[in-house]
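I have placed the structure first, in the form of structure tokens, so that the comments after it can refer back to it.
The values are calculated or read from the model by the stated rules, or taken from the named source; none is laboratory data. The shown structure was predicted, so the numbers you read here are calculated from the model rather than taken from an experiment. All Cβ positions, glycine included, derive from the backbone under ideal geometry; neighbour counts span all protein chains shown.
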Amino acid sequence: MQACHNGSNKATTTDTTTTTTAEVTKTDSSKMLPDTGDVSFAKKAAQGGVTEIALSKLELQSSNNKIKDFANMMVTDHTDAGNKLTAISMAENITLPTLPDTVQQATITNLSQKTGTDLNKAYVAQMIIDHKNTIAMFEAAQKTVKDTTLKQFITATLPTLHKHMDAINAIKSGM
């Protein structure tokens with residue numbers, strides 16, 4: 001009887017250890033593998049920011065002071081947001097792209113071939129399109145993102161995006 005009893009205890013101990021290990025592994029892997037929607041948002045936001053910076057750098061030498069000031073604001077604000085997003089993503093094990101995608105790169109190439117008022121008009125039009133899309137993406141993500149730190153980033157960034165939209169609309173109205 002004792003031999004059966006010892007075997008029973010050993011099996012229970014093994015089962016408990018297995019369950020505990022499985023629970024720990026599950027917890028660890030859920031921390032290591034963030035929500036796919038969160039990852040998708042973070043990657044799109046990072047690529048958008050990199051693109052905005054690249055496009056804005058084209059206008060840093062603009063003869064139009066309002067556009068040049070806006071471009072400087074874009075480089076500063078999007079660099080700051082990108083740094084914050086990178087820190088959050090590193091903590092959440094999300095690898096962010098550091099380059100624009102092929103469509104975004106084509107837009108950068110297209111604008112880089114323009115000069116003067118043609119560049120100004122194309123840049124302003126692109127900034128309006130980009131900010132409409134970015135604001136819509138951030139507002140949708142605010143409802144769906146699961147990570148609280150990423151959600152706080154979205155909430156903190158939206159007012160800046162709206163400020164950019166207001167500023168670029170004002171520039172367009174003055175052209």
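Given the condition within 14 Å of A45 (Cα to Cα), of a type in the set (G, A, S) and touching a residue at least 24 places away in the same chain (Cβ under 8 Å), answer yes or no: does some residue in region 138-154 qualify?
yes
I'd like the residue in region 160-175 that is under 19 Å from L119 (Cα atoms), among the aliphatic types (A, V, I, L, M) and modelled with pLDDT of 95 or more and, out of all such residues, is surrounded by the fewest Cβ atoms within 10 Å (Cβ to Cβ). Spell out how you get there, then give the answer.
Of all residues in region 160-175, those under 19 Å from L119 (Cα atoms) come to 164-165, 167-175.
Among the residues that remain, those that are also among the aliphatic types (A, V, I, L, M) are: 165, 167-168, 170-171, 175.
Now restrict to residues that are modelled with pLDDT of 95 or more: 165, 167-168, 170-171.
Numbers: M165: 17, A167: 17, I168: 23, A170: 11, I171: 19.
Restricting to residues being under 19 Å from L119 (Cα atoms), among the aliphatic types (A, V, I, L, M) and modelled with pLDDT of 95 or more, the top hit is A170.
Please determine whether any residue of region 144-153 is surrounded by 14 or more Cβ atoms within 10 Å (Cβ to Cβ) and in contact with a Lys or Arg (Cβ under 8 Å, 6 or more places away or on another chain).
Yes, that holds for at least one residue.
Is it the case, given these coordinates, that I129 is over 14 Å from the mean Cα position of the chain (by Cα) and closer than 18 Å to A46 by Cα?
Details: over 14 Å from the mean Cα position of the chain (by Cα): yes; closer than 18 Å to A46 by Cα: yes.
Considered against the rule, which asks whether it is over 14 Å from the mean Cα position of the chain (by Cα) and closer than 18 Å to A46 by Cα, I129 comes out as yes.
Take the residues of region 74-100 that are surrounded by 16 or more Cβ atoms within 10 Å (Cβ to Cβ) and more than 13 Å from the chain's Cα centre (by Cα): which is nearest to K146 (Cα to Cα)?
Going through the qualifying residues, I end up with D77.
Does at least one position in region 160-171 carry a residue that is of a type in the set (A, V, I, L, M), touching a residue at least 40 places away in the same chain (Cβ under 8 Å) and within 15 Å of A45 (Cβ to Cβ)?
So far as region 160-171 goes, no, none of its residues is of a type in the set (A, V, I, L, M), touching a residue at least 40 places away in the same chain (Cβ under 8 Å) and within 15 Å of A45 (Cβ to Cβ).
Give the residues of region 56-101 that are within 12 Å of L119 (Cβ to Cβ) and out of contact with any helix residue (DSSP H, G or I) (no Cβ under 8 Å at 6 or more places or on another chain), sorted by residue number.
Selection gives K68 alone.
Anything in region 52-63 that is at pLDDT 95 or above, out of contact with any Lys or Arg (no Cβ under 9 Å at 6 or more places or on another chain) and surrounded by fewer than 22 Cβ atoms within 10 Å (Cβ to Cβ)? List them, or say none.
Matches in region 52-63: I53, A54, K57.
May I ask you to list the residues in region 101-116 that are of a type outside the set (K, R) and surrounded by 13 or more Cβ atoms within 10 Å (Cβ to Cβ)?
Selection gives D101, Q104, Q105, T107, I108, L111, S112.
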